[in-house]
Each structure stands twice: as C-alpha cells, then as structure tokens.
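Asker: Here it is: the structure, laid out below.
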Amino acid sequence: MRLSTSTNIYFNRPDGTKADIRDSIALCAQAGYRVMDMNFHDCTTFRNAFVGRHWRQWVEEIRAAAQVHGIEFSQGHAPFYNFCDPGYDKREWHDRMICRAVDCARILGIPWLVIHAGTDFSAADSFASSKRLNREYLLPLIEYAERQGVGIAVENLWDLNIAPLKRYTASAEELVDLVDSLDAPNVGICFDVEHATIMKQDVPAQLRLIGGRLKATHVSDVINTDSDHMLPFAGRTDWPPFLAALREIGYQGDFTYEIHRYTASLPDALVPSALAYSVEVGQYLLSLEEQHQKKPQ
C-alpha cells in the first residue's frame, strides 16, 4: 500500500475561505505525498470553476500542477446527493456534476471514483426500495464511467446522526449485496474506517466480507460525531486490526486519508509542518504492516 491523502487535507481555511486545490497539491508534494485523492464533491460546495463553463481548463490546470509536483491521483470522490428522494429539487444539476466528475477523472487518470448510495426513507420496504432505486440510478452511471475508463466505488455510510432512521449501505452486508447486483467489472467498494467505527462495527469482519471488492479507502480517526475526520491516533480507532484485515483480503489499493478537519483551523504558517507530520504518521502505520509481513508465520 502507498500512503495517499485527499485534496481536502488542505481546503477549508480558518477564515471561511477555500484553498486552491493546486496549492493543496503543491503543499502535499512538499510534505512527501506522491499519491492523492481528488475530491470533486468539495468543488460543488461553493462557486468553484468545476461547476462553471470553464471546468475543462480548470481540470487541465490541476493535471498540470500534479505533473509538475510528481503527484498521481489514484482515486477521487464524486459529488453526491440522495437520488432516492423524489422531492430533491437540484437533481438535474447534481447529475450533471457527477457525470462531470467522471469526465474529470478520465482527464486526471483516476481509476476509481467514490460515490454514496441513496436511501428511500419514505418506503415501508426501505431496503428493497433503496436497492432498486440505486440500481436504476447507478447502472447508467457505471456504463458511462466504463466508456471513460473509470471505475465506480460505492462507499459504506453511517446513520447514527439520523437515528432511528436507517441509511442504506451503512453495513458491509448491504453494500456487498448492492455491488454484487450491479455485476460490472468497473464497480467496487470504498471502505471508510471512520464510518464503521462510528457504527461500532467489527472492522475486520466488515472488511473480510467485502474482500476483493475493495478498491479504495477513506482513512480517518474519530472521537465522536462532533470530532471526526481526524489524523490517525487522535481518536478511538484500533489501527492494527484494520491494517491486518487489509492485508488478509489482499487489498491492492492505497491507504488514503480523508482528514479535512486536521488543518481546517490551522494558520497557513503551521500547515506545512502539520502535513509533514501526517506523512510521518502514515508511514509509521504502513511500517507496522511491513513489520508484520516480515514476521515468520
């Protein structure tokens, strides 16, 4: 595994502004990162060039910046919304942004684009209805992505924040069932260890069920739902079993941080050292994995 990080590790700034993604790439490269996740969802949360007419120029500038700094994008995060909600009034715009993310993934050479499933909260048979609606929505997207040479990785979610309601794909069982029903070579799973930790799930058991379907990861630590997306060892995640399970299932992808709260309150002057420390923490975690592999069985 290689250490990777989302572009959102340096994005939200203390004064409420958003950092330029090219600056995130440059700072991450300076800190020692060589692989990153391109978060397109972030680019829909404010008036970014991604949502405008000149998006092709924007993504080409990002591609050029990545090449200059020796950065490879191994995964990305698509925009998301609850497409199972018939009352959602920005459906057409969001669908266009999701397809645009696929187009940008092709330009950036991103093999796997992460997306969230939707949930039909109004149905009495919420699981069955949600599965049907997700298949109806995702199959055309998967076909479009395949033509662009891009894979779609569906992410495990969490639902304690909406209890007693249940969110579809908050368990590996539901996620595996959905992904298997899609039955396409460019479909897989993104496992978010924080989501599973929040849900108090058995992380190794969830990963063993996912197995070879795993194509991407979101790695962050959590104390509670108000203190999340933190650097590993800042919260309550048990890291050795997570790493052991990744090894056990033969995961071939990257160990990708999604820790956007980590620098969100830091002054710019402290960001370079914070990013360098995040690399040190990641390398330590991966060294634990290497040491385990070298032990006689």
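Asker: For every helix of n ≥ 4 consecutive DSSP H residues, a contribution of -39,500 (n - 2.57) applies; sum these over the chain, divide by its total residues, and give [θ] at 222 nm rounded to the nearest 500 deg cm²/dmol.
Answerer: -13500 deg cm²/dmol
Asker: For the chain, which whole-number percentage of the solvent-accessible area (1.4 Å probe, protein heavy atoms only) is attributable to carbon and sulfur atoms?
Answerer: Answer for the chain is 50 percent, counting heavy atoms of protein chains only.
Asker: Additional query: Assuming a ≥ b ≥ c are the square roots of the Cα gyration tensor eigenvalues, decide whether region 179-297 counts as rounded (a/c under 1.5), prolate (otherwise, with a/b larger than b/c) or oblate.
Answerer: prolate
Asker: Taking 25 °C and 0.890 mPa s as the conditions, I'd like the Stokes-Einstein D for the chain in µm²/s, using the Kirkwood hydrodynamic radius from alpha carbon pairs.
Answerer: Result for D is 126 µm²/s.
Asker: With the dipole of region 1-134 worked out from charges on the C-beta (+1 for Lys and Arg, -1 for Asp and Glu) around the Cα centre, which of T5, S129, L108 lies farthest toward the positive end?
Answerer: The one lying farthest along the dipole's positive direction is L108.
Asker: Another question about this same structure. Find me the longest stretch of the chain that has none of the exposed chymotrypsin sites (Phe, Trp or Tyr not before Pro), where exposed means in a DSSP loop (not H, G, I, E or B) with at most 16 other Cβ atoms within 10 Å.
Answerer: Longest run free of exposed loop sites: 122-232.
Asker: Which FRET efficiency, nearest 0.05, do Q30 and H54 yield, Cβ-Cβ r, R0 30 Å?
Answerer: After rounding to 0.05, the efficiency reads 0.65.
Asker: Obtain the nm distance between the two label points defined at A184 and R236 by a simple spin-label model: each point lies 7 Å from its Cα along the Cα-to-C-beta direction.
Answerer: Taking the two extended label points, one gets 3.8 nm.
Asker: Charges only on Cβ, +1 for Lys and Arg, -1 for Asp and Glu: so what's the dipole of region 127-211 about the Cα centre, in debye to the nearest 20?
Answerer: 160 debye
Asker: P(r) for region 1-87: what percent of alpha-carbon pairs falls in each 10 Å bin, starting at zero?
Answerer: Percent of pairs per bin, in order: 16, 48, 28, 7, 1.
Asker: Under the rule that an exposed site lies in a DSSP loop and has at most 15 other Cβ atoms within 10 Å, name the longest stretch of the chain with no trypsin sites (Lys or Arg not before Pro) of that kind, not counting the sites themselves.
Answerer: 91-165
Asker: Over the alpha-carbon set of region 123-202, work out the extent along each principal axis and list the three values in angstrom, largest first.
Answerer: So the three principal-axis extents are 39, 30, 17 Å.
Asker: Based only on the alpha carbon positions, what is the Kirkwood hydrodynamic radius of region 246-285, in angstrom?
Answerer: 11.9 Å
Asker: If you place +1 on the Cβ of every Lys and Arg, -1 on the Cβ of every Asp and Glu, and leave all else neutral, what size is the dipole of the chain about its Cα centre, to the nearest 20 Debye?
Answerer: Here the chain has a charge dipole of around 460 debye.
Asker: May I pose another question? Residues in region 103-119, backbone N under 14 Å from the label point at K166 (7 Å along the Cα-to-beta-carbon vector): list them, ranges by number please.
Answerer: It comes to 119, nothing else.
Asker: Can you give the FRET efficiency to the nearest 0.05 for L139 and D20, using r as the Cβ-Cβ distance and R₀ = 41 Å?
Answerer: The formula returns an efficiency of 0.70 here.
The values are calculated or read from the model by the stated rules, or taken from the named source; none is laboratory data. Remember, it's a predicted structure, so these values are computed and weren't measured experimentally. So basically every Cβ, Gly included, is an ideal-geometry build from the backbone, and we count neighbours across all protein chains shown. Accessible surface is based on the protein model in full, side chains and every heavy atom, while ligands, DNA and RNA are left aside. Shrake-Rupley method; radii C 1.70, N 1.55, O 1.52, S 1.80 Å.
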